[in-house]
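First up is the structure itself, then whatever we jot down about it.
Nothing in this text is a laboratory measurement; each read-out follows from the coordinates by a stated rule. Since the model is a prediction, treat every value here as computed from it, not as a measurement. Don't worry about glycine lacking a Cβ; one is built from the backbone with ideal geometry, like all the others, and counts go over all protein chains shown.
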């Protein structure tokens, strides 16, 4: 399953939010959209999700136009958005209930693996922030759609929990290999997780550069402190801030 | 939960005891005539004596209230849901409903008696009319206050209108709907008894009018106490149902 955005532009009234966004996503790829908060990344998600119609351009999924059609992607919002009246298990099954078949065994297996085995019958208000995000991710993962949109899912977590979540997400996802489109404003997070980083400018959001991340998989925590990683982080930071580059490692 | 209940309820229980004590004492000390204000002990004695005769009246009222309330609740739920889904209908009908609530429903009673006769029907209609409005309002506001983030998630996931309603809007509105139902439950017992004053064969209201017209004040008090108990039981049953339906809402709301 491949997702393509072709020359997407969107304005709200006089304000142009997105300008000429084109992007291709391969099957099983992890792509991050990196840009400042409020640069229209969530608008892009609403376009892909079919809630908004682009002024220009089309969205393609596997050779089919899905512009303004909903239900083709799976979604994990910034807030976990778990349903308070559903137990943890029932929450993870929601995506499958909406379209597709319920797979109780798989849901239970994933929850066990996420150390939530004891919490299957608990309600969301009984969980910690990190646990809620794990449930929300499992819900997105279990949804039958082949492409997952993750909208800054870890931005509300503290630094320690965030790192745990990133590692856990990689582990879980690497086994599944659905494609992920990930919004973040955290450079380190983007580098650690992605195959490809799309750097966006703001007002209006435009693609500044698409960077291919060279690190292999599976990745672990030690990568975060390697010189290679830090070099890349520096370069990306400079790119985002529009500083002249000292050496061009990234082509 | 249970022991907490007893810890917290001893104060009000004590207050009631003191109140009854003062009442009893003053009735005796000032030798108040029983037909003006009977002492609690007199009421208790009267209750023991009259209860067998009273029960058929009470069952009749319970039946009346249950039927009226069930209709009222059903209509209220349907109305609230319709208003939520069809803006036009809401804009057209809602103001009219609010205005209609300013007419004391009991003044419509003579009309209903003319149209439907002296049977149970007009009284059931009165009960239904008082109980439907709080439920319609509570249902509407519950449905309209759906969590934006959850709504956004459902829409992104491509949920159909039906799925949105069944899986998000309705469960989200349940606590609100239940508070409406609880208000209606108390109203409907009251209204049921008052409606029976207007003329009926049986019922707490009939028992009351008979007792008061013959100055049997202790009996009036028996009817009042039983009405209160009935109302409380009704309320408690619905609160119990609520606990069964809404197990997730005990503490703070989930994320």
Note to self: Using a Gaussian network model on chain A with a 10 Å cutoff between Cα atoms, which of A:115, A:20, A:68 fluctuates the most?
What the structure shows: A:115
Item checked: Mean ellipticity per residue at 222 nm, deg cm²/dmol - from DSSP H runs of n ≥ 4 across chain A, formula -39500 (n - 2.57) -> -9500 deg cm²/dmol
Check: So which residue, out of B:189, B:93, B:137, gets the largest mean-square fluctuation from a GNM of chain B using Cα contacts under 10 Å as springs?
Finding: B:93
Next item on the list: Grab the beta carbon distance between residue A:223 and residue B:36, set R0 = 51 Å, and tell me the FRET efficiency rounded to 0.05.
Entry: 0.05
Next item on the list: Once you have all Cα-Cα distances for chain B, histogram them in 10 Å bins from zero and send the whole-percent values.
Entry: 7, 23, 26, 23, 14, 6, 2, 0
Next item on the list: Please report how far the C-alpha centroid of the stretch A:9-74 lies from that of the stretch B:196-212, rounded to the nearest whole angstrom.
Entry: 70
Check: Do the sum for chain B: with -39,500 (n - 2.57) for every DSSP H run of n ≥ 4, divided by all residues, what is the mean residue ellipticity at 222 nm, to the nearest 500 deg cm²/dmol?
Finding: -27500 deg cm²/dmol
Margin query: Can you tell me the orientation of helix B:105-116 relative to chain B, as the angle in degrees between its alpha-carbon axis and the longest Cα principal axis, to the nearest 10?
Written below: 90
Next item on the list: Report, to the nearest 10°, how far helix B:121-144 tilts away from the longest principal axis of the Cα atoms in chain B, using its own Cα long axis and a range of 0 to 90°.
Entry: 40
Check: Between residue B:66 and residue B:151, 0.36 nm times their residue separation minus their Cα-Cα distance comes to what?
Finding: 27.0 nm
Next item on the list: Give, in nm to one decimal, the length gained when the segment between residue B:224 and residue B:243 is fully stretched (0.36 nm per residue of separation minus the Cα-Cα distance).
Entry: 4.0 nm
Item checked: With Cα atoms, 0 to 90° folded angle of helix B:217-245 axis to chain B main axis -> 20
Check: Label 7 Å along Cα→Cβ of residue B:45; the stretch B:19-38 residues with amide nitrogen under 13 Å?
Finding: B:28, B:34-35, B:38
Check: For labels at residue B:86 and residue A:20 in the simple 7 Å Cα→Cβ model, what's the distance in nm?
Finding: 5.0
Margin query: Can you compute the FRET efficiency between residue A:212 and residue A:58 using 1/(1 + (r/R0)^6), with r the Cβ-Cβ distance and R0 = 30 Å? Round to the nearest 0.05.
Written below: 0.75
Next item on the list: Give the shape of chain A as rounded, prolate or oblate, defined through the alpha-carbon gyration tensor: a ≥ b ≥ c are the square roots of its eigenvalues, a/c under 1.5 means rounded, and otherwise the shape is prolate if a/b is larger than b/c and oblate if not.
Entry: oblate
Checklist line | Hull shadow area, averaged, the protein assembly as shown [alpha-carbon convex hull, nm²] | finding: 32.8
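Between residue A:109 and residue A:231, what is the FRET efficiency for a Förster distance of 51 Å, r being their Cβ-Cβ separation, to the nearest 0.05?
0.85
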Next item on the list: Go ahead and set up a Gaussian network model of chain B, Cα springs under 10 Å, then flag whichever of B:59, B:30, B:207 fluctuates most.
Entry: B:30
